[in-house]
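One structure below.
The values are calculated or read from the model by the stated rules, or taken from the named source; none is laboratory data. Keep in mind that what you see is a predicted model, and the values were worked out from it rather than measured. Cβ atoms come from the backbone with ideal geometry, glycine included; neighbour counts cover every protein chain shown.
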């Protein structure tokens, strides 16, 4: 996909593949045939730059044909560089890409569900670097204020951002304590271990009176030994030869 | 003679509060988001009457806009009001992406518009909000002229629009003179006074000043048409082109920076379709300061007298051009 597009973000998408697979194939209540079914669980992707992993998951789940993945980032494609609802791709809840906004939107969706006494859940997906945006913490404060136990935020804790390690660029630790002090139930797990992910999602679902955050430790570039944990691959694309070699490793 | 009578001074903010409550009573999907300053931004009536649909989010405007987007995605009609300086400027990125790019029906109220906020000074006087809001794709920008019209415009913003709307209003009690039976259609300006020598296109508080200016000009034998441009976007192109053609000179008047505001929006139409001399009454690329509302409007050229001076300038240009031809 990315080699064909010639630009995009490989590392983060690979690191999140296990989380997306677990969500869309085990956790979510959704119907790819009726993408706007009102009882569906909502997924808000706050980090629009990992759109490739969302698109690949949606296609495999049956939202649209797999061969459309090749149109990523091309003129006229429904697969925008960062998700855009106006282009009509089924399964996209929010056009997003400016970091720090998704948590607020998800809070709004969760408040609406509470007001209407609906039982669906809201899941939002965030990068760890994204948590440096101040508006994230405004939203975090409001989610616990309104006791949004129908809301689960997932933080992709790969420890890396474009300029390097998150702890060098702008320290996030102690991250779990930050969320806890904002009134959230904190669940830690290995975000590349599906059994652990299933376990924390189950725990999040029985939370009462508090929103849950899953801090999922992932490996950027997971599955391709030569790029795993290398922040240079945050926003880099492989050449065609590299892509073939990488795909071989993933198989 | 000015055919419009002031029923008594009233803040446009009050009209917003009344319209918001009315819309809330009519439609259970209308919700209101508060960023602490509930009473001073016109959310108090709604919050007191419909507390279960008032969502207090504290002093966190960026979050308010995002939460509003989430509520709109779920079929609610969220109204978020705060001082215009924060509503339009602190949250511009959230409005651009979460609201406008998602094309969501979120109504944003911009209170404390203009220098007439007075003693609070420059930090709280919204003078750039029209420029920033009107540049966003899909955004409707409303700037009603008095309390009565602000009530009607608020109802229209909540009940008749499908996409994002920004509506600005002021704090100071100002003449309340329009009638609720006057037709109010978003995007359709109102000719409040006929005239063929020049046109004054005004918005917000400056519409009353424009009517006063037209009276003064009449004493010099100059017939000024007065247009109330209550919708900055989509701008009423037809009315502007007609005014340019029939009167040959235009003055714009706004309680806003002349860069990017009403004057710019009118000029964009004029230069493309019917170039005529123009002059702009408004803030001339300055910050405001503390003072009484009237003192500030006078100091910074946002009064009937300033409009008259601008009118005489464009008439002179118009005559020079006529001579050249």
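Out of all the residues in the stretch B:146-181, which are surrounded by fewer than 19 Cβ atoms within 10 Å (Cβ to Cβ), in contact (Cβ under 8 Å) with a residue 12 or more places away in the chain and not in a helix (DSSP H, G or I)?
Result: B:160, B:161, B:162, B:163, B:173, B:179, B:180.
Can you pull out every residue in the stretch B:63-106 that is more than 14 Å from chain A (Cβ to nearest Cβ) and in contact with a strand residue (DSSP E or B) (Cβ under 6 Å, 6 or more places away or on another chain)?
Residues of the stretch B:63-106 that are more than 14 Å from chain A (Cβ to nearest Cβ), as a first pass: B:81, B:83-85, B:87-89.
Result: B:81, B:83, B:84, B:85, B:87, B:88.
Filter the stretch A:107-126 for residues that are more than 14 Å from chain B (Cβ to nearest Cβ) and either more than 16 Å from the chain's Cα centre (by Cα) or surrounded by fewer than 22 Cβ atoms within 10 Å (Cβ to Cβ) (or both) and give the result.
First pass over the stretch A:107-126, keeping only residues more than 14 Å from chain B (Cβ to nearest Cβ): A:125.
Across the stretch A:107-126, there are no qualifying residues.
For (1) outside any loop (DSSP other than H, G, I, E, B); (2) under 22 Å from residue B:143 (Cα atoms); (3) in contact with a helix residue (DSSP H, G or I) (Cβ under 6 Å, 6 or more places away or on another chain), each residue gets a yes or a no:
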residue	(1), (2), (3)
B:252	yes, yes, yes
B:256	yes, yes, yes
B:266	yes, yes, yes
B:269	yes, yes, yes
B:281	yes, yes, yes
B:290	no, no, no
B:301	no, yes, no
B:305	yes, yes, no
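Checking the structure you have, find out if any residue of the stretch A:165-175 is touching a strand residue (DSSP E or B) at 6+ places or on another chain (Cβ under 6 Å) and within 14 Å of another protein chain (Cβ to nearest Cβ).
Among the residues of the stretch A:165-175, not one is touching a strand residue (DSSP E or B) at 6+ places or on another chain (Cβ under 6 Å) and within 14 Å of another protein chain (Cβ to nearest Cβ), which makes the answer no.
Find the residue count for the stretch B:183-206, including only residues that are assigned to a loop (DSSP other than H, G, I, E, B), more than 16 Å from the chain's Cα centre (by Cα) and either in contact (Cβ under 8 Å) with a residue 60 or more places away in the chain or over 14 Å from residue B:226 (Cβ atoms) (or both). It would help to see each step written out before you state the result.
Filtering the stretch B:183-206 for residues assigned to a loop (DSSP other than H, G, I, E, B) gives B:183-184, B:186-187, B:189, B:194-197, B:203-205.
If we keep only those that are more than 16 Å from the chain's Cα centre (by Cα) too, we end up with B:183, B:194-197.
Next cut, either in contact (Cβ under 8 Å) with a residue 60 or more places away in the chain or over 14 Å from residue B:226 (Cβ atoms) (or both) only: B:183, B:197.
Residues that pass the stated criteria total 2.
State which residue is farthest from residue B:105 (Cα to Cα) when the search covers only the stretch A:81-106 and only residues that are surrounded by fewer than 20 Cβ atoms within 10 Å (Cβ to Cβ) and more than 10 Å from chain B (Cβ to nearest Cβ).
Taking the stretch A:81-106 and keeping what is surrounded by fewer than 20 Cβ atoms within 10 Å (Cβ to Cβ), we get A:81-82, A:85-88, A:90, A:98.
If we keep only those that are more than 10 Å from chain B (Cβ to nearest Cβ) too, we end up with A:81, A:87-88, A:90.
Working: A:81: 25, A:87: 18, A:88: 18, A:90: 21 Å.
Checked the stretch A:81-106; the qualifying residue farthest from residue B:105 (Cα to Cα) is A:81.
If you go through the stretch A:60-80 one residue at a time, do you hit one that is buried (at least 18 other Cβ atoms within 10 Å of the Cβ), within 14 Å of chain B (Cβ to nearest Cβ) and in contact (Cβ under 8 Å) with a residue 12 or more places away in the chain?
yes
If the Cβ limit is 9 Å and pairs must be 6+ apart or interchain, which residue in the stretch B:1-13 that is in a loop (DSSP other than H, G, I, E, B) pairs with which residue that is at pLDDT below 95?
Partner pairs satisfying both residue conditions: B:4/B:179; B:11/B:42.
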